[in-house]
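Here the structure comes first, spelled out in structure tokens, and everything after it is commentary.
The values are calculated or read from the model by the stated rules, or taken from the named source; none is laboratory data. Note that the structure is a prediction, hence the values are computed from the model and not measured. Positions of Cβ are backbone-derived with ideal geometry, glycine not excepted, and every protein chain shown enters the neighbour counts.
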Amino acid sequence: MLIEALGSALLGLVLAWTASRRLAHRLPARSLVLATGVAGALFGAFVTRSAFDPGSSLLVLVGAAIVSAASLSLLLRPAGRLRRRQAPA
């Protein structure tokens with residue numbers, strides 16, 4: 001169980017670091033991104049381990065990666081300014 005938690009935290013950290021390197025212009029501060037990635041991965045591992053049997057470590061890591069990526073996607077901002085069309089008078 002400890003190895004799954006450490007592996008999930010490391011996986012979330014790697015996902016968050018990769019996202020912060022590739023999408024730095026669309027994400028908030030790097031410390032927030034890294035913390036969100038790790039927290040999402042640990043929460044995903046907890047939910048996946050609770051839902052499935054404890055013997056499936058690979059499935060726990062997959063669940064951690066999915067929840068971590070989903071929580072990181074909530075931090076993304078739009079790429080450009082939103083353009084609103086004015087209605088004709």
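Go through (1) under 23 Å from ALA19 (Cα atoms); (2) modelled with pLDDT under 95 for ALA41 and report which single condition fails.
Failed condition: (2).
Residues of the stretch 11-59 being in contact (Cβ under 8 Å) with a residue 40 or more places away in the chain and of a type in the set (Phe, Trp, Tyr), which ones?
Correct list: empty.
What are the residues in the stretch 1-35 that are loosely packed, with under 14 Cβ neighbours inside 10 Å and not charged (D, E, K, R), if any?
Within the stretch 1-35, MET1, LEU2, ILE3, LEU6, THR18, ALA24, HIS25, PRO28, ALA29, SER31, LEU32 meet the criteria.
Could you tell me whether ARG49 is of a type in the set (D, E, K, R) and either at pLDDT 95 or above or surrounded by 16 or more Cβ atoms within 10 Å (Cβ to Cβ) (or both)?
Details: of a type in the set (D, E, K, R): yes; either at pLDDT 95 or above or surrounded by 16 or more Cβ atoms within 10 Å (Cβ to Cβ) (or both): yes.
In short, yes.
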